[in-house]
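In what follows, a single structure is set out as structure tokens and then discussed.
The values are calculated or read from the model by the stated rules, or taken from the named source; none is laboratory data. It should be emphasised that the depicted structure is a prediction, and the values quoted were computed from it without experimental measurement. All Cβ positions, glycine included, derive from the backbone under ideal geometry; neighbour counts span all protein chains shown.
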Amino acid sequence: MLSMPRLLFFLFIMIAIARPLKASDIIVEKIETVSPPGERWFHPVFDRENRLYVSTENYIGLYRLANNKTERLSEAKGAGFRPRFLPDEVIVNPWYWRNGRRYFRVTKINLKTLKAQTMREGRFISPVLSAKGNIYVKSDVVLTTLNNTVSSNVGTDSLAYAQDSLIILQAGTVIKKIKPAGEGHYIWVGMSPDKKHILFRKAGAGAFVIDWSGTVMARFPKANAPRWSPDGRYIACMEDEDDGYRYTASDIFIIDWRSGQKWNITRSDDAMEMYPSWSADGRRLAFHTLQGEIRVAYLKK
């Protein structure tokens, strides 16, 4: 029979083991403004080599940003809207108008030579990055490869994207069309790095994490423009407020999506920070201010 001191020690150990581990702290080592002085840039995003790219406020053009200087990759309208990076290329989806209708041009740009090649062209098309890093093109009719092959079977690959107020999940030949948060407009859909969970935002309802069955695992009502961290543990987002006409406040947050713990990364009084993007190594978080400055937060976890 255990003595009282040993029994108390045993109970203490059992409680300590059963208690969930507290999420490690996120420390912001510094925040730097990296855009050229006097210029307005928006929507920063990192490629797989941790290089930074920016666009204009209305997503016109895509530019590489380094050492407070920009290098143009494209000047097309829409080229800066959520570019998809491959090891040596970037896929963009600029648009143009013809006879009063908007058309899209899925374009591949070589990151070394900056040579651009149009891969697909048409209405209501956009590129989708798969779990294995392949690019598919979705339309309102069918999913195809960049080479225009119909892809009703993606083999061992998997995809997640929004279409027609639905979230589409595809693994092999299995295709699910779901509304995990009910009727509404789904945006910012992204698959977790381990391919087990899907992150999205429903307009007016916040950000959600679901599994492949469509079960809601977590919800963050204030989170906007959510992005997975490279290790899949955290979500970066903006929490913004408005008066119905304009933004009145906005800060960048990081959330441990399993525990719900979150950190205000910016917490500034002089600017409204928006639209975060992770570096590939997870050590930096880029975002823009409402005034058009590109800032980078250096993180320690």
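Look at Phe81 and say whether it is on the phi > 0 side of the Ramachandran plot and among the aromatic types (Phe, Trp, Tyr).
Numbers: on the phi > 0 side of the Ramachandran plot: no; among the aromatic types (Phe, Trp, Tyr): yes.
No: the conditions fail for Phe81.
Would you check which residues across segment 71-102 are farther than 15 Å from Glu57 by Cα and acidic (Asp, Glu) and list them? Across segment 71-102, the qualifying residues are Glu71, Asp88, Glu89.
Residues that are part of a loop (DSSP other than H, G, I, E, B) and of a type in the set (A, V, I, L, M) were ranked within segment 172-205; the one that is surrounded by the fewest Cβ atoms within 10 Å (Cβ to Cβ) is Ala203. State all residues of segment 250-286 that are assigned to a strand (DSSP E or B) and either modelled with pLDDT under 95 or among the hydroxyl-bearing types (Ser, Thr, Tyr) (or both); if no residue qualifies, say none. Hits for segment 250-286 are Ser250, Tyr275, Ser277.
One residue stands out in segment 168-201 among those that are hydroxyl-bearing (Ser, Thr, Tyr) and within 26 Å of Trp278 (Cα to Cα): the one that is farthest from the chain's Cα centre (by Cα), namely Tyr186.
Residues that are under 19 Å from Pro230 (Cα atoms), β-branched (Val, Ile, Thr) and modelled with pLDDT of 95 or more: find the strands (runs of 3 or more DSSP E) completely inside segment 17-94 holding 1 or more of those. Full working, then the answer.
On the way: elements: 27-33, 42-46, 52-55, 60-66, 69-77, 89-92.
Per the criteria, 27-33, 42-46, 89-92.
Could you run through segment 206-249 and say how many residues are under 26 Å from Lys179 (Cβ atoms) and either of a type in the set (A, V, I, L, M, F, W, C) or assigned to a loop (DSSP other than H, G, I, E, B) (or both)? Residues in segment 206-249 being under 26 Å from Lys179 (Cβ atoms) and either of a type in the set (A, V, I, L, M, F, W, C) or assigned to a loop (DSSP other than H, G, I, E, B) (or both): 22 in total.
If you go through segment 186-202 one residue at a time, do you hit one that is polar (S, T, N, Q), under 15 Å from Ala160 (Cα atoms) and in contact with a Gly (Cβ under 7 Å, 6 or more places away or on another chain)? It would help to see each step written out before you state the result.
Just the residues of segment 186-202 that are polar (S, T, N, Q), to begin with: 192.
From what's left, under 15 Å from Ala160 (Cα atoms): 192.
If we keep only those that are in contact with a Gly (Cβ under 7 Å, 6 or more places away or on another chain) too, we end up with 192.
The answer is yes; a qualifying residue exists.
Number of residues in segment 57-81 that are surrounded by fewer than 16 Cβ atoms within 10 Å (Cβ to Cβ) and either under 19 Å from the mean Cα position of the chain (by Cα) or hydroxyl-bearing (Ser, Thr, Tyr) (or both): the value is 2. Checking each residue in segment 64-111 for being in contact with an Asp or Glu (Cβ under 6 Å, 6 or more places away or on another chain) and of a type in the set (Phe, Trp, Tyr) picks out only Phe85. Sub-9 Å Cβ pairs linking a first residue in segment 105-124 that is over 13 Å from Trp95 (Cα atoms) to a second residue that is outside any strand (DSSP E or B) and aliphatic (A, V, I, L, M), at least 6 apart or interchain, are Lys108/Leu86; Lys108/Leu146; Ile109/Ala79; Leu111/Leu86; Met119/Leu146, ordered by first then second residue.
Considering only residues of segment 266-293 that are under 17 Å from the mean Cα position of the chain (by Cα) and of a type in the set (A, V, I, L, M), which is surrounded by the most Cβ atoms within 10 Å (Cβ to Cβ)?
Kept after step one, since they are under 17 Å from the mean Cα position of the chain (by Cα), are these residues of segment 266-293: 273-288.
Next, only the ones that are of a type in the set (A, V, I, L, M) stay: 274, 280, 285-286.
Values: Met274: 20, Ala280: 14, Leu285: 28, Ala286: 24.
Here the answer is Leu285.
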